[in-house]
Amino acid sequence: MSIDEDTRWLEWVTKQFESIAGDDKEIDLDEFKTALKVKESFFAERFFALFDSDGSSSISLDELLEALDLLIHGSETDKLRFLFQVYDVDGSGSIDPDELRTVLKSCLRESAISLPEEKLDDLTLALFESADQDNSGSITFEELKAELENFPEVMENLTISAANWLKPPDLEQKKSKTPRYLTRAYWHNNSRKLFFLCLYALLNVLLFIIAMLKNAHGGPWFMVAKGCGQCLNLNCTFVIVLMLRRCLTWLRATWVVRVFPLDQNILLHQIVGYAVLIFTIGHTGAHVMNFARMSQDDGMYQLWEYLFTIRPGIGWVNGTASITGVVLQVLICLMVVCSSTFVRRSGHFEVFYWSHLSYVWVWALLIVHCANFWKWFVAPGLMFLIEKLVGIAVSRIGGLYIVEVNLLPSKVTHLVIKRPPFFHFKPGDYVYINIPVIAKYEWHPFTISSAPEQQDTLWLHIRSMGQWTNRLYEYFRQPESQTISNKRLTASLRNRRHESRTQNEMFKSASCNNTVASNKDDAVELTLYRTSGTHTNSQKPVSDPVAQAELGDASPATRELTAKLSENHRYCNIKCYVDGPFGTPTRQIFASEHAVLIGAGIGITPFASILQSIMCRYRMRKQNCPNCNYSWCETIKDNEMKLRKVDFIWINRDQKSFEWFVSLLTKLEMDQADEEPEGRFLEMHMYMTSALSKNDMKAIGLQMALDLLAKKEKRDSITGLRTRTQPGRPDWAKVFQKVSEEKKGKVHVFYCGSPALAKVIKAQCEHFGFNFYKENF
């Protein structure tokens, strides 16, 4: 931070102090925590004790500012001395293992990380043994300073700014906003969308002007009403075209995708929907004003008669134009309100779903309301009808069944569906699924999380975020009924044995018909971790515990895991219907040279399929030396896959959110070649936003210990992966700068997650000239 920012922060601290301090102009520990908005923690107490220079159990403004001034303008040694004093709890001049353990335990609590006591001991010993160079049993200031010098990024953070030591979590830094809509990069990266919007706006303007000129005889309000009505003819039919998913999926494979923004059809659908609302309000308002003028001029009918009766005889079907217009106004307003983000994202998806089905009534009323609407509607309406009929036929052919269910952490339901032989899809595609036992008439879209190369089954990972998804999770969480018929029980047992054999076969062979040598310890497709996805010396991963139990060699820990599996794992035979698949922007990934996949939370599901498919194709190129364990990957480009590098970034709020996908990521890590001519093909980057970032002093010791232990065990303590989990949020400027410097070819960024983060990432992509694709369905 700059000096000006530090100055503003000190002014903020002064203001907070004066607002909290009493008449004595001093604050105690509780007031100190309130003033600086610091959690009740070990660190808040240590800071207070160090700021209280006179030992009076309270600090004055002068004491506080003196300490902060030292942190801002002091030397590097002064700041290191302060850090040492925070760790030296008893003030003995050295740090013993118990003090270090207390500090690291507080670091874990501050970062919302849960690790077993044994792992905390391992972290403490790793950092202590590294810093205690003379093996004296304690760490001196000079030893701590020497240890910190081994972590250049930590030393850099110590000298940035005092605001990083006691920074309030909600302190917003003012950032200079650049007019991104005027930049060349923005226009280049959004050229297709801007081209389409210009054509769309121009067409509406032309239709509006032509309709007004044709009806100039009726006066200004009548002209406006007719102009809006003609635009409604266009928009009320074009809004259908944007949701013809099968047609759009087919068009994505043609040249049209290079001219029009097919991947943003949902956004354009929303824009056209708002245009319909605006033109509807304008059309209705203009007619009301015109009726008011007519009722005053001729006096034959009152205004309410023009609006709510058929007496004036306005309209081509028994004078019903006014009544149908009022009903249309209400329906369209209702549809737009119920389609708002706050409705769809607040767990009320069903409100959006059922209100949106009123489009059938809207079209029927429009045909009755306007004499010319059917001419606009006939072609799109026919296409829509054909697509719906095809969807019904596809979903009903070859009855599908959910054969297996896994309840995963973070309330994620993993459905395994028997895949029909005619069902073909591409990585990242999504389907609409209907499960009659959950809701007979509801269809919901979810991304396919299995790879196309997986021939027998389809996977769906569904996060519980609304009424339907919660009902799904709760349905499978309940114990199985004891009144199951013998035939269904027999079928379930048969399915279980079949799936058990299938899993064992999967462990013995790498899919895509390419065998990869592996031993029992390498079979990690279904790796389980007993405690929060962690992997410790005392808690080894268990590969296929069910199979081990059948062989009779299961350990007590394995049997415990097997029992836990049976609670959250079920074989079943539940009828379902699937409509799809439908394409998404991620179909472009295999045409990329350098792909950056970014998933936030459950937004990882599209990339589950993509990563598995990528690694299947990668394994087909993987070469193994027959005389040793050396392996490498041929760098071959073809029409099927032009990828030279893949960066996968997964951002989660807490530690538990990583658990359900760790097994697949572990498998992908192991599948990679040992050495590659152009570097590692797939790189993973994990971020945990609830953990304190490395530029927070409260996290420095913990991050150093995690780094040291990861190097020692070759495994991250939080997820069990080889990839180290990074604390805090990504610095997108640095992330994309590193990607840009790798020069692996044209960079395409694919994102699935919250819209707020999408805006941030898209702005950075525009700055670096990367193509940005957002998952929408």
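The values are calculated or read from the model by the stated rules, or taken from the named source; none is laboratory data. Small disclaimer: the values here were computed from a predicted structure and weren't measured. Every residue, glycine among them, receives a Cβ derived from its backbone with ideal geometry; neighbour counts consider all protein chains shown. The accessibility values were calculated without ligands, DNA or RNA, using every heavy atom of the protein model including side chains. Shrake-Rupley method; radii C 1.70, N 1.55, O 1.52, S 1.80 Å.
Taken over segment 346-358, the residue count meeting the criterion of being touching a residue at least 60 places away in the same chain (Cβ under 8 Å) and either open to solvent by less than 50 Å² (accessible area, probe 1.4 Å) or closer than 21 Å to LEU267 by Cβ (or both) is 4.
Could you pull out the residue among LEU234, LEU267 that is open to solvent by less than 30 Å² (accessible area, probe 1.4 Å) and either closer than 30 Å to HIS188 by Cα or in contact with a strand residue (DSSP E or B) (Cβ under 6 Å, 6 or more places away or on another chain) (or both)? Walk me through it before giving the result.
Details: LEU267 fails: open to solvent by less than 30 Å² (accessible area, probe 1.4 Å).
The conditions single out LEU234.
Any chance segment 47-66 includes a residue that's out of contact with any His (no Cβ under 6 Å at 6 or more places or on another chain), open to solvent by 10 Å² or more (accessible area, probe 1.4 Å), more than 30 Å from LYS25 (Cα to Cα) and among the hydroxyl-bearing types (Ser, Thr, Tyr)? No - not one qualifying residue is present in segment 47-66. Scanning segment 722-744 for residues that are of a type outside the set (Gly, Ala, Ser) and not in a helix (DSSP H, G or I) returns ARG722, THR723, ARG724, THR725, GLN726, PRO727, ARG729, PRO730, ASP731, LYS743, LYS744.
Condition test on VAL257, is it under 16 Å from TRP363 (Cα atoms) and not aromatic (Phe, Trp, Tyr)?
Values: under 16 Å from TRP363 (Cα atoms): no; not aromatic (Phe, Trp, Tyr): yes.
Taking the combined requirement at face value, the residue does not satisfy it.
When you look at GLU387, is it assigned by the TED database to the domain that holds LEU472 and among the acidic types (Asp, Glu), yes or no? Working first, answer last.
Values: assigned by the TED database to the domain that holds LEU472: no; among the acidic types (Asp, Glu): yes.
Against the criterion (assigned by the TED database to the domain that holds LEU472 and among the acidic types (Asp, Glu)), GLU387 does not qualify.
Within this structure, MET294 fails the test of being under 30 Å from TYR773 (Cβ atoms) and open to solvent by less than 60 Å² (accessible area, probe 1.4 Å). Restricting segment 241-264 to residues that are crowded, with 19+ Cβ neighbours inside 10 Å and closer than 17 Å to HIS356 by Cβ leaves a set whose member that is modelled with the lowest pLDDT is ARG245.
Taking segment 82-100 as the range and being under 40 Å from the mean Cα position of the chain (by Cα) and open to solvent by 60 Å² or more (accessible area, probe 1.4 Å) as the test, only ASP98 passes. Do we have any residue at all in segment 15-35 that's open to solvent by less than 80 Å² (accessible area, probe 1.4 Å), modelled with pLDDT under 75, closer than 24 Å to VAL103 by Cα and in contact with a Leu (Cβ under 7 Å, 6 or more places away or on another chain)? Scanning segment 15-35 turns up no residue that is open to solvent by less than 80 Å² (accessible area, probe 1.4 Å), modelled with pLDDT under 75, closer than 24 Å to VAL103 by Cα and in contact with a Leu (Cβ under 7 Å, 6 or more places away or on another chain).
Here is a yes/no grid of residues against (1) open to solvent by less than 20 Å² (accessible area, probe 1.4 Å); (2) acidic (Asp, Glu); (3) on the phi > 0 side of the Ramachandran plot:
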{"residue": "LEU706", "(1), (2), (3)": "yes, no, no"}
{"residue": "ARG724", "(1), (2), (3)": "no, no, no"}
{"residue": "LYS734", "(1), (2), (3)": "no, no, no"}
{"residue": "LYS743", "(1), (2), (3)": "no, no, yes"}
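Can you confirm whether segment 603-618 contains a residue that is open to solvent by 10 Å² or more (accessible area, probe 1.4 Å) and either aromatic (Phe, Trp, Tyr) or in a loop (DSSP other than H, G, I, E, B) (or both)? Please lay out each step first, then the result.
As a first pass, look at segment 603-618 and keep what is open to solvent by 10 Å² or more (accessible area, probe 1.4 Å): 605, 612, 617.
Subsequent filtering for residues that are either aromatic (Phe, Trp, Tyr) or in a loop (DSSP other than H, G, I, E, B) (or both) retains none.
Checked against the condition, which is being open to solvent by 10 Å² or more (accessible area, probe 1.4 Å) and either aromatic (Phe, Trp, Tyr) or in a loop (DSSP other than H, G, I, E, B) (or both), segment 603-618 yields no hits at all.
Would you check which residues across segment 745-777 are open to solvent by less than 50 Å² (accessible area, probe 1.4 Å), part of a loop (DSSP other than H, G, I, E, B) and of a type in the set (A, V, I, L, M, F, W, C) and list them? PHE770 - this is the single residue of segment 745-777 that is open to solvent by less than 50 Å² (accessible area, probe 1.4 Å), part of a loop (DSSP other than H, G, I, E, B) and of a type in the set (A, V, I, L, M, F, W, C).
Set side by side, the residues ALA185, ALA201, ALA146, ALA163 differ, and just one is surrounded by fewer than 17 Cβ atoms within 10 Å (Cβ to Cβ), on the phi < 0 side of the Ramachandran plot, in a helix (DSSP H, G or I) and modelled with pLDDT under 70, which is ALA185.
Picking from residues in segment 67-81 that are in contact (Cβ under 8 Å) with a residue 60 or more places away in the chain and open to solvent by 60 Å² or more (accessible area, probe 1.4 Å), the one that is farthest from PHE141 (Cα to Cα) is GLU76.
Considering segment 372-399 alone, what residues qualify as being at pLDDT below 85 and either in contact with a strand residue (DSSP E or B) (Cβ under 7 Å, 6 or more places away or on another chain) or more than 23 Å from LYS440 (Cα to Cα) (or both)? I'd like the intermediate steps shown before the answer.
Step one: list which residues in segment 372-399 are at pLDDT below 85, which gives 391-399.
Correct list: GLY391, VAL394, SER395, ARG396, GLY399.
Are any of the residues in segment 269-285 farther than 18 Å from LEU234 by Cβ and out of contact with any Phe, Trp or Tyr (no Cβ under 7 Å at 6 or more places or on another chain)?
So in segment 269-285, the residues farther than 18 Å from LEU234 by Cβ come out as 285.
Cutting the leftovers down to out of contact with any Phe, Trp or Tyr (no Cβ under 7 Å at 6 or more places or on another chain) gives us 285.
Within segment 269-285, one or more residues are farther than 18 Å from LEU234 by Cβ and out of contact with any Phe, Trp or Tyr (no Cβ under 7 Å at 6 or more places or on another chain).
Per this entry, ILE278 is not counted among residues that are touching a residue at least 12 places away in the same chain (Cβ under 8 Å) and either under 23 Å from ILE386 (Cα atoms) or not assigned by the TED database to the domain that holds CYS752 (or both).
So that you can scan it fast, the table gives a plain yes or no per residue for (1) surrounded by 13 or more Cβ atoms within 10 Å (Cβ to Cβ); (2) farther than 22 Å from GLU775 by Cβ; (3) touching a Ser or Thr at 6+ places or on another chain (Cβ under 6 Å):
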| position | (1), (2), (3) |
| --- | --- |
| ILE386 | yes, yes, no |
| LEU389 | no, yes, no |
| ARG396 | no, yes, no |
| VAL403 | yes, yes, no |
| ASN406 | yes, yes, no |
| HIS414 | yes, no, no |
| PRO420 | yes, yes, no |
| GLY428 | yes, no, yes |
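Considering segment 109-121 alone, what residues qualify as being open to solvent by less than 10 Å² (accessible area, probe 1.4 Å) and part of a helix (DSSP H, G or I)? Passing the criteria: LYS119, LEU120. The residues listed here are PHE43, PHE84; of these, the one that is touching a Lys or Arg at 6+ places or on another chain (Cβ under 7 Å) and in contact (Cβ under 8 Å) with a residue 24 or more places away in the chain is PHE43. Of the residues that make up segment 84-106, is at least one more than 21 Å from SER136 (Cα to Cα), among the hydroxyl-bearing types (Ser, Thr, Tyr) and in a loop (DSSP other than H, G, I, E, B)? The answer is no, given that none of the residues of segment 84-106 is more than 21 Å from SER136 (Cα to Cα), among the hydroxyl-bearing types (Ser, Thr, Tyr) and in a loop (DSSP other than H, G, I, E, B).
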